[in-house]
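In what follows, a structure is listed as structure tokens, so that the remarks can point back to it.
The values are calculated or read from the model by the stated rules, or taken from the named source; none is laboratory data. Note that the structure is a prediction, hence the values are computed from the model and not measured. Glycine also receives a Cβ, built like all others from the backbone with ideal geometry; neighbour counts cover every protein chain displayed.
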Amino acid sequence: MTQEFDLAAFLPDGVRGRSGAWDFIRGFARHWVSPLESAHGWSEVDLAAAEERLGVRLPTALREAYLLFGRRRDLTSNYDVLLGPAELYVDEAGEALVFRHENQGAASWGVLLDSLEDDDPAVFYRTDLADKSAERWEGWLERLSLCFVEIVLSESLHADEELCDFLDAPDVESLDENFVRLPLPVYPVGDEENGSRWFLGQDALLRDDAGTALFARGRTPEDLDRTRDLIPGDWLNDYR
């Protein structure tokens, strides 16, 4: 970890509420990717046009995220896709405002319409099923600002291959022994057994998806190599 930005120290405030979430994302972008600039957000005009088209008021947390870093695709859309203001839509059933898609269209994330007046509403997800009648919006994370923290962290795991790697069926015991569990709640909400957990090492960030897959990101290639050495297995991008 760096002296300028201690990820583990900043994250608890990022988990607790909106202002902490945006401060965390600013710090993470500055020290793990590249600093945020004013041009990296959408404008009030863009958001107002989306609201007029949709006939709804966007939640405060969604507006703040879009204004701060909505155009930074390297923070939001390396794998899954954050929709721009002009792409936001209400699902066919009229239940949710959709703001994010899984990269192959297999799932969507949204905010239920009856919670749009909340400043920082819960986020739900829906999988794309062959039987459309079986599709349901299910809980993902309890606050939209927390979801954006998760988005930025998850998308960082899909940057350049020299910084990111993937391990199938990891040795969870090695993970628990060598890395610090981060205070992000397990998600999807209420699925402790099958949810995702986050860990931090020496300038290395990891997400464990219920012991079935492990994604890792180092601040440098050397940080990633150190992580690979601590967790045995056939890492996808390890060409050493």
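If the condition is being free of Cβ contacts under 8 Å to residues at least 40 places away in the same chain and under 30 Å from V111 (Cα atoms), then the stretch 145-166 contributes C147, E150.
Among the residues of the stretch 132-147, is there at least one that is at pLDDT below 95 and on the phi > 0 side of the Ramachandran plot? No, the stretch 132-147 contains no residue that is at pLDDT below 95 and on the phi > 0 side of the Ramachandran plot. The selection criterion, being closer than 17 Å to P59 by Cβ, of a type outside the set (A, V, I, L, M) and either at pLDDT 95 or above or touching a Phe, Trp or Tyr at 6+ places or on another chain (Cβ under 7 Å) (or both), does not hold for D80. The requirement of being exposed (fewer than 15 other Cβ atoms within 10 Å of the Cβ), among the hydrophobic types (A, V, I, L, M, F, W, C) and out of contact with any Asp or Glu (no Cβ under 7 Å at 6 or more places or on another chain) is fulfilled somewhere in the stretch 67-87, by at least one residue.
The single condition among (1) under 14 Å from the mean Cα position of the chain (by Cα); (2) assigned to a loop (DSSP other than H, G, I, E, B) that D118 does not satisfy is (1).
Looking at the stretch 167-213 only, could you name the residues that are touching a Gly at 6+ places or on another chain (Cβ under 8 Å), free of Cβ contacts under 8 Å to residues at least 60 places away in the same chain, crowded, with 20+ Cβ neighbours inside 10 Å and farther than 19 Å from W140 by Cα? If the condition is that a residue be touching a Gly at 6+ places or on another chain (Cβ under 8 Å), free of Cβ contacts under 8 Å to residues at least 60 places away in the same chain, crowded, with 20+ Cβ neighbours inside 10 Å and farther than 19 Å from W140 by Cα, then F179, A204 are the ones that fit. Of all the listed residues (G105, G139), the sole one being part of a strand (DSSP E or B), of a type outside the set (D, E) and surrounded by fewer than 17 Cβ atoms within 10 Å (Cβ to Cβ) is G139.
Select the strands (runs of 3 or more DSSP E) contained entirely in the stretch 154-240, then report the ones holding at least 2 residues which are of a type in the set (F, W, Y). It comes to 196-200. Of the candidates R228, R207, R217, the single residue that is within 29 Å of E4 (Cβ to Cβ), more than 17 Å from the chain's Cα centre (by Cα) and basic (K, R) is R228. Looking across the stretch 197-210 at every residue that is among the small types (G, A, S) and over 10 Å from L175 (Cα atoms), the one that is modelled with the highest pLDDT is identified as A204.
Listed by first and then second residue, the pairs linking a residue in the stretch 127-140 that is in the same structural domain as V98 (by TED's automatic domain parsing) to a residue that is surrounded by fewer than 13 Cβ atoms within 10 Å (Cβ to Cβ) and modelled with pLDDT under 80, with Cβ atoms under 7 Å apart and 6 or more places separating them unless they lie on different chains, are E135/L129.
Just to be sure, is S108 outside the structural domain of W198 (by TED's automatic domain parsing), of a type in the set (S, T, N, Q), closer than 19 Å to R143 by Cβ and in contact with a strand residue (DSSP E or B) (Cβ under 6 Å, 6 or more places away or on another chain)? For S108, the condition - outside the structural domain of W198 (by TED's automatic domain parsing), of a type in the set (S, T, N, Q), closer than 19 Å to R143 by Cβ and in contact with a strand residue (DSSP E or B) (Cβ under 6 Å, 6 or more places away or on another chain) - is met.
Okay, residues lined up against (1) of a type in the set (F, W, Y); (2) touching a helix residue (DSSP H, G or I) at 6+ places or on another chain (Cβ under 8 Å); (3) under 17 Å from L82 (Cα atoms):
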| residue | (1), (2), (3) |
| --- | --- |
| V111 | no, yes, yes |
| A122 | no, yes, yes |
| T127 | no, no, yes |
| L141 | no, yes, yes |
| L146 | no, yes, yes |
| S156 | no, yes, yes |
| F166 | yes, no, no |
